[in-house]
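J.: Take a look at this one; I'll ask things after.
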Amino acid sequence: MQEIYTSYQCKRCKKEFVLVTEDLEDHKHIGKYVVCPYCCNKELNKEKRSDSLKEIMKARSYKRKNGAIQQK
């Protein structure tokens with residue numbers, strides 16, 4: 001069974017984003033590549049593949065503490 005979502009983290013700006021795996025494979029098949037949507041950097045770390053978007057985002061949860069948002 002193939003995973004639906006793939007998460008990436010940019011090596012330059014350290015921001016994370018999620019893409020649909022099926023679209024990634026279609027673009028790689030025709031010779032295109034994946035870049036960071038924030039800074040257009042090609043150097044990415046593949047973080048996780050999953051069927052559930054909730055499962056991918058579970059590791060990155062945030063809560064407010066003394067008025068500031070902090071990652072758990």
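J.: If the limit is 27 Å between Cα atoms, which of LYS11/LYS63; LYS42/LYS65; LYS11/LYS48; LYS14/LYS65 go over it?
T.: Long pairs (Cα-Cα over 27 Å): LYS42/LYS65.
J.: Let me ask another. Show LEU53, LEU24, LEU19 ordered by accessible area, largest first, where the area counts protein heavy atoms only and the probe is 1.4 Å. The partial results should precede the final answer.
T.: Numbers: LEU53 75, LEU24 15, LEU19 55 Å².
The ranking, largest first, comes out as LEU53, LEU19, LEU24.
J.: Let me ask something additional. Give the carbon-plus-sulfur fraction of the accessible surface of the chain in %, rounded to a whole number; probe 1.4 Å, heavy atoms of protein chains only.
T.: 48 percent
J.: Might you tell me the accessible area per residue for the range 5-71, computed with a 1.4 Å probe and given in Å²?
T.: 77 Å²
J.: If contacts are Cα pairs under 8 angstrom and at least 6 residues apart, what is the relative contact order of the chain in percent?
T.: With pairs under 8 Å counted, the relative contact order is 33 percent.
J.: What distance in nm lies between label points placed 7 Å from Cα along the C-beta direction at SER52 and LYS15?
T.: If labels sit at SER52 and LYS15, their model points lie 2.8 nm apart.
J.: Next question. Dipole magnitude of the range 5-71 about its Cα centre, charges +1 at Lys/Arg Cβ and -1 at Asp/Glu Cβ only, in debye to the nearest 20?
T.: Taking the Cα centre of the range 5-71 as origin, the dipole is about 560 debye.
J.: Follow-up question, since we're still on this one. Could you work out which residue, out of LYS15, LYS28, LYS46, moves most in a Gaussian network model of the chain, that is, has the largest mean-square fluctuation with Cα springs under 10 Å?
T.: In the Gaussian network model the winner is LYS28.
The values are calculated or read from the model by the stated rules, or taken from the named source; none is laboratory data. Everything numeric here is computed off the predicted structure, so don't read it as measured data. Note that each Cβ is placed from the backbone with ideal geometry, even for glycine, and that neighbours are counted across all protein chains shown. Surface areas here come from the heavy atoms of the whole protein model, side chains and all, with no ligands, DNA or RNA. Shrake-Rupley method; radii C 1.70, N 1.55, O 1.52, S 1.80 Å.
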